[in-house]
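A.B. asks: Mind looking over this structure? Questions follow.
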Amino acid sequence: MTADRRYQILFESVKIGPVTAPNRFYQVPHCTGMGFRMPQSLAAMRETKAEGGWGVVCTEYCSIHPSSDDSPLPYASLWGEDDVRAQALMVEKVHRHGALAGVELWHGGGTSPNLYTREPGIGARSRPASGIEPVQCRAMDKRDIRELRRWHVQAARRAQRAGFDIVYVYAAHGYLLAQFLSPQNQRSDEYGGSLENRARLLRELLEETKEAIGDRCGIALRLSSSVGGADGEPEIGEKRELIGLLGDLPDLWDLSVHDYSYEMGSSRFTREAAMESYVSYVKQLTRRPVVGVGRFTSPDTMLRQVQSGILDLVGAARPSIADPFLPRKIREGRVEDIRECIGCNVCYAADYQGIPIRCTQNPAMGEEWRRGWHPEFIPEARSEKSVLVIGGGPAGLEAARALGQRGYAVTLAEKSRELGGRVGREAALPGLAEWSRVRDWRVTQIEKLEAVEVFLESELDAEQVLEFGADRVVLATGADWRPDGVGRWHAGPIDGWDTASVLTPDDIMSGALPEGSFLVFDDDHYYMGGVVAEKLAGTGREVTLVTTSYLASAWTINTAERDRIQARLLGLGVRIEPNTALTQLAGEKAVLRCVFTGRESSVDVPNVVMVTSRAPRDRLYRELGARIDIERIGDCLAPGTIAACVMSGHRYAREMDAGPAEGALFRRESPIP
Ligand code: ADP
Ligand code: SF4
């Protein structure tokens, strides 16, 4: 029984072919950056989801054959018996908590470059691989199609041997089956041309997978329910006919949409439940259960989706990453304890970079096995030491919260009138409002902790810190954006920076807005340069974004935001000057240099915003370092992402009173037994 009876419906079981999900909380397949290389890390991470109440927990994309190799992007695999054993690790841990385990069988087709396996690629047609890899696949002939069908059945049988309850046929996200389904597939055989022909391979795989393992496993189909359209205005096109054609053939419909950067859109561009208009028609075409996503963190939104007959199962990747215990918190009536996803896509970025998953909100994500961290539990204090935390940004808040959870006596001193530090300020920038959840969740938790006392408007100097007399002091005082242009490109201050009207992102966030046009010099490449340009352009100012990179906010290719950021800036009339450095300022004259040729040009612009690097606010450390037990965390130690600040604060709390073996070293997965 749920604490709040309204939510009882979310805890009803759902039949998926021959298996039954214990509730409606469904962790859809999501990447982790771990893949086949880190089975133990994966198993432990997925286990926390099952423990936290997700009724179904799925793998990431799982290759059925070496001809489907996305390296260097990490993916799971079911190529042979070693893989069966590796996958069984996860299945066993998921089952331990009464959840079902699902596997997303995957063949990338023509998009897979096969850089690791060196297998020639195959696809519906001969085409270059994704991105800019100089690799092209061959068009599959009849023998290739027969082989593919055989591999799929073999992988499905392996999946069953590993113990999976749900096995996917994956026909979305541009991979092999989506390539066959695409209207671009104009093959002249019975697998191309008409919709029926283009869907033939998909139908065959569904039928054959069912025949092979369908008596024991539910067969899920992952498919996009739209063919195009603008954000929030889907064009359904032939998808209605296709879904009608397949109707009750799969045991479960797992729906995605045609634009991945919308489906997994960051909160800057996509709101909760944004997929509703894309998927709401599907239930009319099938009697089978339907799962869909929408970065659902509000139980009321989930309830509405189910009650209004849009979804049967509430699909989630990011909400389950930010809070693996989300379902349990709803069941226990602890909705305010849900650590809501902020939609920053830092989790996705890790996969895109080929490194293990991490999460801004949940510092334990990806650390379950290698550091033994749990998202909800933390060892009790090992001493009676008191701790003074100075600075209430993401690092200080997380340190204070986690130390308090352990039972240490914590005093948190914050200079300003509000907690949150950079998070509060950055959340006021265009599109970033949800980032304030980093602060809000921590403040809510700290309010419940008797061991933590908070003092606002309390800027401490060295004497006051000494006088306070805490056993340990942790400095979380953050960092300032530098006005002098020092960063990647310039090791020293830009010539003449102090002769011009130069501002920093801190000034812009504090409300500074001088008259006239702006040049934003971005040598940082994450969101700040782009978002400052967006804010300024939104006030009607003329803005030029000068960047040493090839695009505005280039790093955001990792967060699936890059193209949307270009579109938004260009739409607002921002001029983007790529591959260019700002090298000199003299009053209103700015000198620019091409990063390749060194060719110089100059522009007249009254205001410049430097987005180059930050200087830690570590004065107290320099004054007190030799005298007391004091450490720095977050941006004060090394300026970075909000995720890095939260991690830093959390790690400080975990390592308080830890033995020497519990420090920087973590367990590594080793192929040597
Ligand atoms: P981080 O990202 O590392 O958490 P932030 O810049 O977000 O750092 O937060 C640092 C916080 O520390 C800010 O809220 C700032 O007002 C506060 N702060 C800075 N110096 C002091 C000080 N001497 N005493 C108390 N608080 C301080
Ligand atoms: Fe959400 Fe960001 Fe965590 Fe991903 S990293 S789950 S987007 S809060």
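The numbers here are math on the coordinates, done by the rules we state, and not lab data. It should be emphasised that the depicted structure is a prediction, and the values quoted were computed from it without experimental measurement. All Cβ positions, even for glycine, are placed from backbone atoms using ideal geometry, and neighbour counts span all protein chains on display.
A.B. asks: Along Cα→Cβ, 7 Å out, is where each label goes; now give me the distance between the ones at GLU336 and MET1 in nm to one decimal.
C.D. replies: For GLU336 paired with MET1, the spin-label model returns 2.4 nm.
A.B. asks: On to the next question. Relative to the longest principal axis of the chain, what angle (0 to 90°, nearest 10) does the C-alpha long axis of helix 81-95 take?
C.D. replies: Roughly 70 degrees between the two axes.
A.B. asks: OK, next. With a 10 Å Cβ neighbour count serving as the proxy for reagent exposure, in which order, fewest first, do SER436, SER510 appear?
C.D. replies: SER510, SER436
A.B. asks: What angle do you read, to the nearest 10 degrees and between 0 and 90, between the alpha-carbon axis of helix 562-571 and the longest principal axis of the chain?
C.D. replies: 70 degrees
A.B. asks: Let's test the formula: R0 of 25 Å, r as the Cβ-Cβ distance of PHE455 and LYS385. What FRET efficiency results, to the nearest 0.05?
C.D. replies: 0.85
A.B. asks: Roughly what % of Cα-Cα distances in the chain sit above 38 Å, to the whole percent?
C.D. replies: The answer is 40 percent, as a whole percent.
A.B. asks: How much length is gained on full extension from LEU570 to LEU665, taking 0.36 nm per residue of separation minus their Cα-Cα distance?
C.D. replies: Taking LEU570 through LEU665 to full extension adds about 29.7 nm, to one decimal.
A.B. asks: Past the 20 Å Cα-Cα mark, which pairs from LYS49/LYS210; LYS49/LYS283; LYS49/LYS329?
C.D. replies: Checking Cα-Cα distances, LYS49/LYS210; LYS49/LYS283 exceed 20 Å.
A.B. asks: What percent do you get for the relative contact order of the chain when only Cα pairs under 8 Å and 6+ apart count?
C.D. replies: 12 percent
A.B. asks: Another question, then. Counting other beta carbons within 10 Å of each residue's own, what order do PHE325, PHE377, PHE666 fall into, fewest first?
C.D. replies: By the 10 Å Cβ count, ascending, the order reads PHE377, PHE666, PHE325.
A.B. asks: Next question, about the same structure. If R0 is 22 Å, what FRET efficiency do you get for GLN184 and ARG146 from their C-beta distance, rounded to 0.05?
C.D. replies: The formula returns an efficiency of 0.45 here.
A.B. asks: Give me the distance in nm between label points sitting 7 Å out from Cα along the Cα-to-Cβ direction at ILE672 and SER130, one decimal.
C.D. replies: 3.4 nm
A.B. asks: Okay, next question. Under 8 Å for C-alpha pairs, at least 6 residues apart: give me the relative contact order for region 355-462, rounded to a whole percent.
C.D. replies: Relative contact order for region 355-462 comes out at 26 percent.
A.B. asks: Right, here's the next one. Suppose each label sits 7 Å from its Cα in the direction of the beta carbon; what would the GLU418-ASP498 distance come out to in nanometres?
C.D. replies: About 3.2 nm separates the two model spin labels.
A.B. asks: OK, next. How high is the relative contact order of region 102-159? Use alpha-carbon pairs under 8 Å, at least six apart in sequence, and give a whole percent.
C.D. replies: 29 percent.
A.B. asks: Taking the Cβ of each residue in ILE338, ILE9 as the centre, tally the other Cβ atoms inside 10 Å and list the residues starting with the fewest.
C.D. replies: Ordered from fewest to most neighbouring Cβ atoms within 10 Å, ILE338, ILE9 come out as ILE9, ILE338.
A.B. asks: TRP555 to ARG203: extension gain in nm, 0.36 nm per residue of separation minus the Cα-Cα distance?
C.D. replies: The TRP555-ARG203 span can extend by a further 122.8 nm.
A.B. asks: Could you give the length gained on full extension between ALA491 and ALA586, defined as 0.36 nm per residue of separation minus the Cα-Cα distance, in nm?
C.D. replies: 32.3 nm
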